[in-house]
Each structure stands twice: as C-alpha cells, then as structure tokens.
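**Student:** Structure in structure tokens, see below.
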Amino acid sequence: MHKVITPRNVANFINGQYVETGDTFDVLYPVTGEVTAHVHTAGQAEVDAAVAAARAALSGPWGQLTTDQRIELVLDIANGITKRFDDFLELEVLDTGKPYSVASHVDIPRGAANFKAFAHTLKEHATETFRMDTPDGNGAWNFGVRRPRGVIGIISPWNLPLLLMTWKAGPALAMGNTVVVKPSEVTPSTASLLGEVMNEVGVPAGVYNVVNGFGRTGAMITSHPDVDGITFTGETVTGSIIIKATADTLKATSMEMGGKNAGIVFEDADLDLAVKELGRSCFLNTGQVCLGTERVYVHESIFGQVRDRLKDYAENELTYGYPDDDAMNFGPVVSDEHRDKVLSYYRLAEEEGATVVTGGGAPTFGDERDGGSWVEPTIWTGLAHDSRVATEEIFGPAVALIPFTDEDEVIRLANDTKYGLSATFFTKDMSRALRVAPQLEAGIVWVNSWFLRDLRTSFGGMKHSGIGREGGVHGLEFYTEISNVCIKI
C-alpha cells in the first residue's frame, strides 16, 4: 500500500560531519513521482574539504592502525549495516522504487557482505616472495610490500546504490585507503546514511566522505590533484569522459561500464531452468542490472518454445504493486528520464521491424502510480542481429530473441559486440560447456545459471565494458600499490 512520504534532508558527509549547503535538488519516488528528499549539492569548497579530510586521515589515527585493527573496524562497519538493516532498506526503496523483496535479499545484505569479504581477503592474502641466485653465490631475497594507494574517488551508479558503492568502499577501506564517494544524484540516501554507521563504530573522521551532486561534482573529484585513484561503475560514455579527465594527473582508474550481454539457449538445454534463469536475467530489478541479458540467441529447433515460455514468465511471474506488497517483484525504473530512454527503444524496436511478443509500452494503474516511472517487461522477435535495439544498451526490462543454427554461428554472434561484460548459456553437454565458455568474450560467463557470484572471483568487463578487475585478490591490484624489496645476502 502507498505510504505518506515526508521529504527529508540528505546532506554531504565530510570529515565525520554532515554538511548542508545553500543549493539543493530533489529526489523523486519512482513509484509515484513524489518528492522524497532534498539533497544538498557539493560545490568545489565541499569537494576540496572532503579530499583534504581524506588526505589527512591517511596519516592520522586511521593510517596508524595495525592490519588486524583495521580489519576488525571494517567488520564492525559490516555489522553496523546489518544492525540498521531496516533503515538502509527503507531509504534504498524510496530512492529506487524497487520491491522490498529484492532490496532485502540483494542490496542490503550484499552492502554488508562487501565489507566482510574484503576484510577476510586482506587477512588471508600473502604477497610474493622469491629467492634469486647472485654471482657471488650468496643470493638475494625479493618480497612484495603492499601499501594503500591513497585517496580513492568512488563514482557509483543508481541501479544498486548501496551494493555497488560498498563493492568499492569495502576493499578501499580494507586496504587502508580513504574515500570520497559521489553517489548518483538519483539515489544518494544510503551513501549518506552510511556516514552514521562510520561514526557509530568509530571509524576516524575523514576516512569516509560523501559529496552529492551531478556530473560537475564528479568532475571535481576526477580532476582533483590530491585524489590518487578513481573507481567508477556506470555507462560507457561517462566512463570515457572520466578516463580523459584523469589523464593530466595520471590517476589510476578502475572502470566497470556498459554491456549488451548475450544469453544462449542450445537445443539440449533444460528449458525449465533456462526460462527461469533468463526470466531473472532479463527482468530482475526492472532490467537495471549491468550483468543482465538483453539479447538471447535460441536454437532454431526450440525457438518457439522458449519464446512462448518466456512470454508466459513475463506476463504471469512478474507482478506490479507497491514495494511493501509481498507479491510485488517488478518495480518502476529509477526515474522519468530513464523511463523515457527505455520507451524510446520500445518505439525504435517497432520501427526496426520487431514483433512485440509482450509489453512494449508503459502500464497504467488508475492511481498515484501513474505519476511514477513505470515500463512494461518486453520481449521482441524479428529484430536483426545488427539492429540498434539488439546492439545498444537499453538497461531496461527488454530482450530480443534471435534464432541460430549451430555452435560456431552463435559464438560469433554473441561476440559481435563492442561490449564484453557477461554472458550466460544453457546446455546439458558439459563438453560443450567447457568448449564454448572460454570462447565467449566476456568478463563473466555463467553456464546453466545467472548472477551466481562468489565475491572471491574476478569481476569486470572486456572491450567497452571496462578496464581492470575487482573482487577477491584482484581488488588488491587497484586499491594498493606494491613495492618489490630486494635484499642482498
């Protein structure tokens, strides 16, 4: 049911204090379009103060902690998120409009888990050591020493706000860095709330900072001379702009960007499993998942079956409602701006000759939800592999089904894209699984599953989908600097 919403203030968090400014912008509830928050915009003065606080904290009490002390404090952050689970859940839903059932099982638990996972990674990972021979016969020893990279600027997206921000803040803090976070202007609330947890568990002032605003605020971080690294998740055009902005100061960058991820259903697939997993990969979080599937290649012998069963899934397994409805599992997209983008692709699909299997527009409810940012789950057939709708990232609950005839053809089609973030395929033939998976040009390949994530494994994309890898020990390569020490015996 719809709740009465009282707009709240969302302030910047700088050097352990909440900082308001005279310039604010509004956040709207995607379910109804109501104002839920007035957000205080950070200007150059606030960004400079946040970076200065982060820089000072590196040599303050934070920088003087032992590794074990820092690990315990990072674990306290994770427990602090869990302790305030309901507060984070409420704000995440108000910002994104997603169902409680999704945010409570994905967003908030993973927000805490990201701190735990990287605290344990740091504790268990050893640096390399080598003994080498020398002309005098005595030899020498080489060993690696890791140190924090420094001040890390985090530019985080709106689709999984807490999860993807902490996916960066977790390893950054675990490795001893300090951070300046610029959350999406659409979903700033949980990043701000995390400042309260930092203070509650005793994280020193300046370690975690949040500055709110639009692209201009992000640009102040990416070009700032006292920021040592930038980590970004978002679409490819913005990522390219950030990389250019960091060139003059030679900042390290870690970029997870766009995708047009492929799914493949081979003729021997378990169709019950394939449809269930594709239903999730195409429509979970209203299609606003970077790892989601927007094009599915189906063997011609089973094309009709997959089309009809996925249509049934979209029409009967996905339920509109209000976020606290137990039955609701399909919410609005995050904003009117994004809704308009998605709907423009719905119109383009028909112009490009698509057959609309289901959806293709925006639902109407006859109540206050008609003021929200809703679109229908949509399935198309009849699109050419090289059509714009089948090649450009939509980031909405829409998928093009395209038939194929043989294995070599579908591998070529799946790889024929400028992106390379993820892929998923379905087959009962494990020889085929082992043969096809290494040929797919994607950072993550799932076989007979989707979104099954072990946080110790690498995460990132190829081609225009990103630069670098995060996750497990791979995160150490970005969030630390390593020096080799050579001792002659």
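**Student:** Which cross-chain or sequence-distant (5 or more) residues have an amide H under 5 Å from the amide H of Gly153, H modelled 1.01 Å from N in plane?
**Tutor:** Those lying under 5 Å, H to H, from Gly153 are Val180, Asp228, Gly229, Ile230, Thr231.
**Student:** Let me ask something else. Say each of Glu72 and Asp454 gets a label point 7 Å from the Cα, pointing the same way as Cα to Cβ; how far apart are those two points in nm?
**Tutor:** Taking the simple label geometry, Glu72 and Asp454 are separated by 3.1 nm.
**Student:** Per residue, how many Å² of accessible area does the range 423-476 show with a 1.4 Å probe? Intermediate results must be reported in sequence, preceding the final value.
**Tutor:** On the way: 2430 Å² over 54 residues.
Accessible area per residue, the range 423-476: 45 Å².
**Student:** While we're here: Per DSSP H run of n ≥ 4, the term is -39500 (n - 2.57); total these for the chain, divide by its residue number, and report the mean residue ellipticity at 222 nm rounded to 500 deg cm²/dmol. It would help to have the intermediate numbers written out before the result.
**Tutor:** On the way: 15 runs with 174 residues, N = 489.
Counting only the DSSP helices, I get -11000 deg cm²/dmol.
**Student:** Can you send over the carbon and sulfur percentage of the accessible area for the chain, probe radius 1.4 Å, protein chains only?
**Tutor:** Details: 9930 of 19130 Å².
Answer for the chain is 52 percent, counting heavy atoms of protein chains only.
**Student:** Kindly list the residues of the range 434-464 that lie in the label zone of Asp268, defined by a backbone N under 16 Å from the point 7 Å along the Cα-to-C-beta vector.
**Tutor:** 434-437, 447-448
**Student:** Oh, and also: List, in order, the whole-Hz ³J(HN,Hα) value for each residue of the range 430-447 obtained from phi through the Karplus relation with A = 6.51, B = -1.76, C = 1.60 and θ = phi - 60°; use x for Gly and Pro.
**Tutor:** Per-residue couplings from phi come out as 5, 5, 5, 4, 6, 7, 7, 3, x, 8, 7, 8, 8, x, 10, 10, 9, 10 Hz.
**Student:** What residues have an amide H closer than 5 Å to that of Val298, excluding those fewer than 5 places away on the same chain, when H is modeled at 1.01 Å from N in the peptide plane?
**Tutor:** Here Val265, Ile402, Phe404 satisfy the definition.
**Student:** For Ser465, what residues show an amide H to amide H distance below 5 Å, using hydrogens built from the backbone and excluding near sequence neighbours?
**Tutor:** Under 5 Å from the amide H of Ser465: Gly420.
**Student:** Also, quick follow-up: For the modelled label position 7 Å from the Cα of Asp136 along Cα-to-Cβ, which residues of the range 473-489 have backbone nitrogen atoms closer than 13 Å?
**Tutor:** Only 487-489 pass the distance filter.
**Student:** Along the Cα→Cβ direction, 7 angstrom out, place labels at Lys276 and Glu368. What is the inter-label distance in nm?
**Tutor:** About 3.7 nm separates the two model spin labels.
**Student:** I'd like the Karplus ³J(HN,Hα) series for the range 369-386: coefficients 6.51, -1.76, 1.60, θ = phi - 60°, whole numbers in Hz, and an x wherever there's a Gly or Pro.
**Tutor:** 5, 5, x, x, 10, 9, 9, 8, x, 9, 10, 10, 10, x, 7, 5, 4, 9
**Student:** Quick one: Cα centre-to-centre distance for the range 357-376 and the range 162-233, in angstrom?
**Tutor:** Taking the Cα centre of each part, the range 357-376 and the range 162-233 sit 34 Å apart.
**Student:** Which ³J(HN,Hα) values, rounded to whole Hz and listed in residue order, are derived for the range 187-193 from phi using the Karplus coefficients 6.51, -1.76 and 1.60 in 6.51 cos²θ - 1.76 cosθ + 1.60 with θ = phi - 60°, glycine and proline given as x?
**Tutor:** 9, x, 6, 6, 5, 5, 4
**Student:** Among rounded, prolate and oblate, which fits the range 141-188 when a ≥ b ≥ c are the square roots of the eigenvalues of its C-alpha gyration tensor, a/c under 1.5 means rounded, and a/b larger than b/c means prolate? Before the final figure, lay out each step's value.
**Tutor:** Numbers: a/c = 4.24, a/b = 2.81, b/c = 1.51.
Because a/c hits 1.5 or more and a/b exceeds b/c, the range 141-188 counts as prolate.
**Student:** Can you tell me how much longer the chain between Phe25 and Ala247 gets when fully stretched, taken as 0.36 nm per residue apart minus their C-alpha distance, in nm with one decimal?
**Tutor:** Details: separation 222, 0.36 × 222 = 79.92 nm, distance 3.05 nm.
Between Phe25 and Ala247, full extension yields an extra 76.9 nm.
**Student:** Now, a different point. Skip the ligands, DNA and RNA, and give the accessible area per residue of the range 168-246 with a 1.4 Å probe, whole Å².
**Tutor:** Values: 2040 Å² over 79 residues.
Heavy-atom SASA per residue in the range 168-246 reads 26 Å².
**Student:** Apply 1/(1 + (r/R0)^6) to the Cβ-Cβ distance of Leu65 and Ile487, taking R0 = 22 Å, and write down the FRET efficiency to the nearest 0.05. Write out the running numbers ahead of the final one.
**Tutor:** Values: r = 27 Å, r/R0 = 1.22.
According to the calculation, E is roughly 0.25.
**Student:** Still on this structure: Gain in length, Arg347 to Phe85, computed as 0.36 nm per residue apart minus the alpha-carbon separation, to one decimal in nm?
**Tutor:** Details: separation 262, 0.36 × 262 = 94.32 nm, distance 4.00 nm.
Extending this stretch completely gives an extra 90.3 nm.
**Student:** OK, next. Expressed as a whole number of Å, what is the distance separating the alpha-carbon centroids of the range 323-350 and the range 102-146?
**Tutor:** Their Cα centres are 41 Å away from one another.
The values are calculated or read from the model by the stated rules, or taken from the named source; none is laboratory data. As the structure is a computational prediction, the values presented were derived from the model and not from experiment. FYI the Cβ positions are ideal-geometry reconstructions off the backbone, even for glycines, and counts take in every protein chain you see. Just the protein is used for accessible areas: all its heavy atoms, side chains included, with ligands, DNA and RNA removed. Shrake-Rupley method; radii C 1.70, N 1.55, O 1.52, S 1.80 Å.
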